[in-house]
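The values are calculated or read from the model by the stated rules, or taken from the named source; none is laboratory data. Worth saying up front: this structure is predicted, and the values here are computed from it rather than measured. Please note: Cβ atoms are built from the backbone with ideal geometry, for glycine as well, and neighbour counts cover all protein chains shown. To get the accessible areas, we keep the full protein, side chains included, count just its heavy atoms, and leave off ligands, DNA and RNA. Shrake-Rupley method; radii C 1.70, N 1.55, O 1.52, S 1.80 Å.
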Amino acid sequence: MSEKSVNNDASETEETVAVKTFKSLAKIPFYISANILPNSSSSLLLIQTGLSQRDLTRKIKRLTVKQLVVSLETEGDPKPSVITSSFLPIDLGDVVLQAISQSGNKVVTLKSVSGDKGKSRYVEIWKHGNLESVIDVTDVHEDFYSDERILSRKDNFGCLNWSKNEEKVVYIAERKALEATNEKKYDYKQSWGERLANKQVPVIVIVDITENKAKVLPEFHNIDPGQVLFGSDDETLIFTGYDREPRQFGLVACLEFIRAILMEQIWLSSSTRKVAKDEPSRELSGKIGCSFIPSIPRDASNWCCIELTIPHVDRRALGAELFRVQPDAKTFFFVQYENHIRSPSESFHENFPGIYCGNILPKSFFVINGAEYILINSYWRSRKVILAVNLTSGKVQNLTLTGSWTLFTVWDKYVVASQGFPNNVYQLNIGILSANMENNLDINWVIIDQPHLEEGVAKTLSKSTWSLLQPFPDKPNLEVIFHQPSETSSDKKPPLIVFPHGGPHGTSIIEISLYVQTLVSLGYAIIEVNYSGSTGFGQDYVDSLIGKIGDLDIEEVQSSAQYFIDHNYVDCNSVAVIGGSHGGFISGHLIGKYPDFYKACVMRNPVLNIGGMSFVTDIPDWCFAELGLSYDLKKPCITTPSVYAKMYQSSPTANIDKIKTPILLMLGRNDKRVPIFDGLQWWHYLKGQGKVDIRCKMYCETGHSLDTIEAEISCIDAISKFLKEKIGV
């Protein structure tokens, strides 16, 4: 089914400047992974990196692989330099996941091949570059689990890991469909919500390489397994357990439903391998709340995991704690601060705001001068940074001082990560770690790779400049990222687009955005506001919004917009607002509470009526928690009339009759996070009233994020035309 407009706009054959600009930027490849291969040495590093790039013809996102050979000078301070690179534009469309063994001698690949009779699934084992065996697992289970492609570690369930002896691999897949005669075939099956609707019964699969056999482990009672790996002795499996009773909630960007880290004993010495069902799964994370699968040092018997202590608020990356766990389930807390960092201070790790991350990379440990460390990606104000945590003292250091960074891997004293800025693409860096006289870490970053930019792309990015501002002295945590054209006229100020982030406990960070760069190149100024509730500024800032959504966030975003008008940065008569999800919630409120201020409003899958959303969303607890109302995950509640009234009064719908601003709605037909019903209700109601220009685009092949390539291009085309009509660029 093609993606169409609800109001059946005629398609135009000639591309607009906005679409041409967006498409040129969309060709930029982005780093999604990097690994230092095991056969590296102290003088040569072999690095394999994966890049994601949009194929605008086939309308898919494709993966390419680049291999770098990096020379390390040994005289004096080591200085990395790339001596060769190979670029392999191989179509990996059939490859689902791939993993290299610890020795580097073996590679396992999971493949899903489409044919006339449906999909066939295979496990390929490669040794020393030769195809050693292919195991057909089509009849063993359904689809492999992998929400992200190949080498990226962003999946709630998907994984592919080797045993230490390299005789077995383990992964997660969908259980084989039940036979038609099975009485449970038509039992209602829940799902894990947005993006995971096809994830219903995940099972652990162990492949014995020596016997070329794959075996599915029996299901667990009320727990869905994910992110499984072998324990240090190869006799156990360690995995994340997702609690599916009494109901399943949305997992994407929401972390509260992880029950614990679990260990399952397996028999690997018997010819008939089976789960030791007489010995139930053991919970390793003890009293830890919501725990993510750990990072395990290569030669250590203990490991680390992230805990999220979340008091029924938006489950997306609130302050986290770091735990070190031993196999006997004895846990101890080593980041030495009380609970979460309430408010950052100069006296504690130089304004360290706390840990805000979703997981730990599998290769993130290193040792320097006998001290063990772990590296973590986290948000620090309006940046994504790399933190080094001393596992003994708990001391935290920020290893990245400018830009936003994505950590990929650690090997010995070498770190591979990418760095980006709003008007520049991400570049691949290698960092060399060392310790100084004060036992603090030093790191020397060197760029080792960067995407080639066509002349037109470089010119587009050069048209943009940015700055990070703190507009209000009495609100030091409120930061605004200000984007503007690099060339502006003193007598004609640019129109302003207000761009509030979603969540509300998300963060706008200084990194490249294709939408932002396209709009700035057209002549717009843009502000991204990290209002109260944003993560990366301490737990007090997160908590300050609870019970105040629809008031405090609206007031701060509006004050920020007014600041840029009062200081003569922008044209006061040409202001628009664009927001998605909770950013759409803010946008809807702004045009209702300030009906003469905004000349255009674009809302992407917006939260418009919290009460209505509570009946149909995959995260009903969000609807209660953000208003300061209790919600028991073990006893899901009903939205009563009194609760609904409170939700309604806090929603943009309460002010719908005050709206004058023209609206462009953009909805994803498959959205399970903020289903389309309230958006369509707005469209029907305001069209019927006949007082407001409201338009609606419906994208039938995507969900909450509107991230198919067809949707992305259509969105920027519609937005640019709408803004040009309403505020004149």
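Quick look at the numbers
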{"quantity": "Two-decimal Rg/Rh across the range 376-462, once Rg and the Kirkwood Rh are taken from alpha-carbon atoms", "calculated": "1.04"}
{"quantity": "Carbon/sulfur fraction of accessible area - the range 341-455, other protein chains in place, 1.4 Å, %", "calculated": "48 percent"}
{"quantity": "Entries in Lys127/Lys168; Lys66/Lys164; Lys27/Lys59 that, when Cα-Cα distance is taken, lie over 19 Å", "calculated": "Lys66/Lys164"}
{"quantity": "Sites Lys61 and Asp474, calculated FRET efficiency, Cβ-Cβ separation with R0 51 Å, nearest 0.05", "calculated": "0.70"}
{"quantity": "Highest average packing first - 424-436, 492-504, 110-122, Cβ atoms within 10 Å", "calculated": "492-504, 424-436, 110-122"}
{"quantity": "Loop sites in the range 422-492: GluC sites (Glu not before Pro), DSSP, at most 15 other Cβ within 10 Å", "calculated": "Glu438, Glu454, Glu487"}
{"quantity": "Estimated distance in nm for a label pair at Lys213 and Val113, the labels positioned 7 Å out from Cα along Cα-to-Cβ", "calculated": "2.4 nm"}
{"quantity": "Ordering of 182-189, 566-573, 579-586 by packing [mean C-beta count within 10 Å, highest first]", "calculated": "579-586, 566-573, 182-189"}
{"quantity": "Zone residues, the range 638-661, relative to Tyr188, backbone N less than 16 Å from point 7 Å out along Cα-to-Cβ", "calculated": "638-639"}
{"quantity": "Packing rank of 466-476, 404-414, where each peptide gets the mean count of other beta carbons within 10 Å, highest leading", "calculated": "404-414, 466-476"}
{"quantity": "Longest to shortest principal axis, alpha-carbon extents of the range 582-682, angstrom", "calculated": "45, 28, 19"}
